[in-house]
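Structure first, then comments.
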Amino acid sequence: MTTYKELKISTQEAAEILFSLFGIQGNISELPGDVDFNFRVKVEGEDGYILKISRPDQDVDYLDFQQAILQHLESYPNIIAPKTIKSHQSHSMAEYTDANNNVRKVRLLTWIPGRLWSSVNPHSNELRYSLGNECGKLAKALQGFDHDEAHRSFEWDIAQSLWIKKHLDLFNEQQREIITHFQSSFEEQLESYQQLRKSVVHNDANDNNVLVSSDLISPTVVAAIDYGDAIHTQIINDLAIACAYAIMHHNDPLEASLAIVKGYHDSFPLQEVELEHLYTCIAMRLVISVTKSAINKIVEPDNEYLLISEKPAWEVLNKWAEINADFAYYSFREVCGFSAHPNEEEFIKWSQQQQFSLTELFPTIEREDVQLLDLSVSSKWIGHRSDFNNLDLFQFKIDQLQKEHPNKIIAGGYLEPRPIYTSTAYDKIGNYGRESRTVHLGVDFWLPANTPVHALFDGEVVTAVDDAGNKEYGGLVILKHTINDLEFYTLYGHNTVESVLKHKPGDSIKKGEKISELGNYPENGNWAPHLHFQIMLSLLDYTDDFPGVAYPDQVNIWRSFCLDPNLLFKLNDLTSPQFVPNNELISYRKQHLGKSLSLQYKVPIKMVRGDGVWLIDQQGKKYLDTVNNVAHVGHEHSAVVKAGQEQMALLNTNSRYLHENINELAQELIETLPPELNVLHFVNSGSEANELAIRMVKATTGQRDIIASEIGYHGNSNMCIDISSYKFDGKGGSGAPEHTHIFPLPDAFRGKYRGDDAGEQYAAEVQKCIDTIHQKERGVGALIVEPIISCGGQVELPQGFLEKAYERVRNAGGLCISDEVQVGCGRVGKTFWGFQLHNVTPDIVTIGKPLGNGHPIAAVACTQEVADAFANGMEYFNTFGGNPVSCAIATAVLRTVKREKLQENALEVGEYLKTELQQLAQEFPIIGDVRGQGLFLGFELVDSEMNPLADQTSYLANRMKEHGILMSTDGPDHNVLKIKPPIVFSKENAQDLITYLQKILKEDFMKTH
């Protein structure tokens, strides 16, 4: 028997064959191949060629078939395919006799530029769509083409796949179970399958046979190559094969397949009956692949190409087996523009002729109208998370609402995205990060415990269980109904277990018969008493449970077979509120809001709720917030919210009246500051704080000249803009005003000075500013600088800089201001205030947004000397500064930091995260520097020449957003990713952040540095 090594052609032999038959010379390199031996031929100034040399025993008719396909496709300009090159003897298929006297067939094809699918990262939905679209165009072009060899016996043809039954002994028990399951499904559908449309198709769009464009941000499929597996078979097999390989390496292979299916359908419309078989056909292609690999490990153990897809094929097969076949079918239908469930329209048509009253469902409740209850993510009625998780409070609110509407049943919820499903049981890790089930699939009727529930139709019990363990339904009943050949199901959840377990599967229920009684918590799944009523056209493969909540991305599928119960009742008031589309919000903003107001991200997000480290959009999708330092102790922290609500209900007025709150806040702040800083003024924002600080400087020193850092930002008022290089040196700015003096950004990584003595050198730059002021015969007013410069790119000040700079400014008679708006209140971890990192005590400290956790309150702390000088007879009054509500909120923030040890958390989690980022920098040199303290971190992207990579930085931030993690860019060159989350940020959150950073840093565009 001739071995694989003896059959193989070396690159030197290939070069000799190429020249002797075609007169072409070039650089030869080996390519993977299943049967042929393939070689890439590079010729200077040309795209080049692919040389294909057969095995000695290959069928000539089979090779001619491949050539005929390519020649056929040459007449289709919208199809990119290799073109055949003729030999010296004008043969499109030449011959060569090797050293063992074996005759080989040789073909030369034009090379199509592009990247192999297997080398492209990431595989986006857009890329997968283009794969399906190109495969569909190719299938359309091959309509009407035929050849005798297209009807050959071929093991890779899904239609001929049952040969694998002879090889089940090659697999372990678990593997055999999966393979047998799909074989059985295929055989059960065989009669229908054999009637499907047939044609010659490419049949092998695997990851090494698909070429992708060189565009690294928006790549598309250019062509499918290698027509060696083309066959006359069911057209749906062609799509199944494209899906089978392209869904590998995805957490959710079904979701990954949908863009491919849509792309194929858009270029070559699929029939509904074909989609019935797609799920099983995809599986059977994978089964063929793993079977061939198992055989080839024995036959050709040294042919690595034959084994290349075995592991990922098994991975996706295991995941595919967990997907319900009907749900996959509905998903394919929906993405192709059909009703996801084939009977949806029939049910809707039938329901239009029906009219039911709520008194039929609840005969003891003599009410037929409803009061809509909004429990959506945007709902103000449900309030804070701590409110809706308090079942006693929730029930009280329901009771109060019922008193307001005594003649109505409180109801609602169909397709409502809700925030109330907080258990991790509602989460999964999809292809784009963490996903939560949020969209409610039924209608809830809020009624007293033990209210009887009666049947609307004759039915058969299919489920009667105690579902409280799943914390979804409590006592659950599902009935099956058949009316005029229309089959559907009704679900009744949150009942007493006793009333439910009176039924058994198979029992008959007559219309009007009592089904159950509503349960109370915790028996009913730990909910306030109500009925969850749902209509389904399919139970999928559920027996003792059924989802009452769906993932937002799947809602168009679920709504097709979990239909609106109001189709039966036709109540005008039972329609859930509709969202204002994001494009309308954007359009209004553009027309009526200031043109300088920008939106974050290329595709903006509408946020409607916050919860700790999460921001939540209108569909209930959670985004991990790594940039919002305004929500210092977490979005909508319950203690902070409560403090504001309670005080707002009592009094909100100015600080001219006596009130404990302002004193309590002052005491909390003073306890965190050095004893010298013991006088406070309260304002509304960081800008106001810095504005007031500059007024204090002028009153104390009599001078107007301010020294500030390059790229420093201190607020949006006129005076603050005048000292903010970030603004006046940026777009729309006109440079530093006369009395502002800017020293270079004290960046020891990529700044003007980078050595060990950078601190001294940057302090010398401050001295130059002092000297310039003196040369103008004026005195120094103050130095203002952040302890970590935020807009400069989270720049840590070089060692010794601040201490030396303070000394020089004070020697010149100036004051020192520490702008703590971004870094204060425990964020830096090691210390409560950023200036404490540098062993200095400023004359003035400005405190901003962290203090109010999103509420507008800020403060200025200063020495007694500064305060006395400022009190020169001109009253300082701020209408809202220091009002009781703001003070109550700020006091709650500071006490929360202390009570929950959040400064310690910032230190522990920040050091962990910084270490992990530094390890990422070792793996990915594009990360040039990791810097910051506590939970005020940043990392800078540069190339090997230290040039900034702004495009990659923007790309990374936008890709992270797609994975549910919010990041933002900063720095003068827009090449720094900043990390300054709420300081309740946990190690688990940090691990998620690192995981997805690592994933995206591996993508092609991130490697272009």
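Quick look at the numbers
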{"quantity": "Residues Cys336, Cys243, Cys135, sorted so that the one with the fewest Cβ neighbours within 10 Å comes first", "calculated": "Cys336, Cys135, Cys243"}
{"quantity": "Environment charge of Val860, counting only residues whose C-beta is closer than 10 Å and scoring Lys/Arg +1, Asp/Glu -1", "calculated": "-1"}
{"quantity": "Antiparallel bridges, percent of DSSP beta bridges restricted to the stretch 643-899 (to nearest 5)", "calculated": "45"}
{"quantity": "Cα-based shape type of the chain, given that a ≥ b ≥ c are square roots of the gyration tensor eigenvalues and the cut on a/c is 1.5", "calculated": "oblate"}
{"quantity": "Alpha-carbon centroids, the stretch 878-903 and the stretch 937-987: separation in whole Å", "calculated": "30"}
{"quantity": "Prolate/oblate/rounded label for the stretch 643-899 (Cα gyration tensor, a/c 1.5)", "calculated": "prolate"}
{"quantity": "Sorted peptide list for 542-552, 102-112, criterion being average Cβ within 10 angstrom, highest first", "calculated": "102-112, 542-552"}
{"quantity": "Relative contact order of the chain, pairs being alpha-carbon contacts under 8 Å that are 6 or more residues apart, as %", "calculated": "8"}
{"quantity": "Value of relative contact order over the stretch 350-574, rounded to a whole percent, pairs C-alpha under 8 Å and six or more apart", "calculated": "23"}
{"quantity": "Ranking of Val60, Val200 by count of other Cβ atoms within 10 Å, fewest first", "calculated": "Val60, Val200"}
{"quantity": "Leading residue at positive end of dipole, the chain (Cβ point charges), from Ala321, Phe569, Cys791", "calculated": "Cys791"}
{"quantity": "Electrostatic dipole magnitude of the chain [Cβ: Lys, Arg +1; Asp, Glu -1; Cα centre; debye, to 20]", "calculated": "1940"}
{"quantity": "For the stretch 233-252 versus the stretch 582-609, the gap between their alpha-carbon centres in whole angstrom", "calculated": "39"}
{"quantity": "Charge dipole (debye, nearest 20) of the stretch 350-574; +1 at Cβ of Lys and Arg, -1 at Cβ of Asp and Glu", "calculated": "340"}
{"quantity": "Spin-label zone in the stretch 965-1009 - amide nitrogen under 17 Å from a point set 7 Å from the Cα of Thr424 along the C-beta vector", "calculated": "985-996"}
{"quantity": "Listed residue (Ile80, Val103, Ser20) projecting farthest to the positive dipole end of the stretch 4-113, Cβ model", "calculated": "Ile80"}
{"quantity": "Cα gyration tensor, the stretch 350-574 - rounded (a/c under 1.5), prolate or oblate", "calculated": "rounded"}
{"quantity": "Between helix 884-899 and the chain: long-axis angle, C-alpha atoms, 0 to 90°, nearest 10", "calculated": "70"}
{"quantity": "The stretch 310-370 versus the stretch 142-185: alpha-carbon centroid distance in Å", "calculated": "32"}
{"quantity": "Computed lengthening from Arg55 to Glu487, 0.36 nm per intervening residue step minus Cα-Cα distance", "calculated": "149.8 nm"}
{"quantity": "Relative exposure of Thr863, Thr11, Thr953, Thr841, judged by other C-beta atoms within 10 Å (fewest first)", "calculated": "Thr11, Thr841, Thr863, Thr953"}
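Read-outs: derived from the displayed coordinates by stated rules, not from any lab. Here the structure is a predicted model, which is why all the values come from computation and not from measurement. Here Cβ is always computed from backbone atoms with ideal geometry, including for glycine, and neighbour counts include all displayed protein chains.
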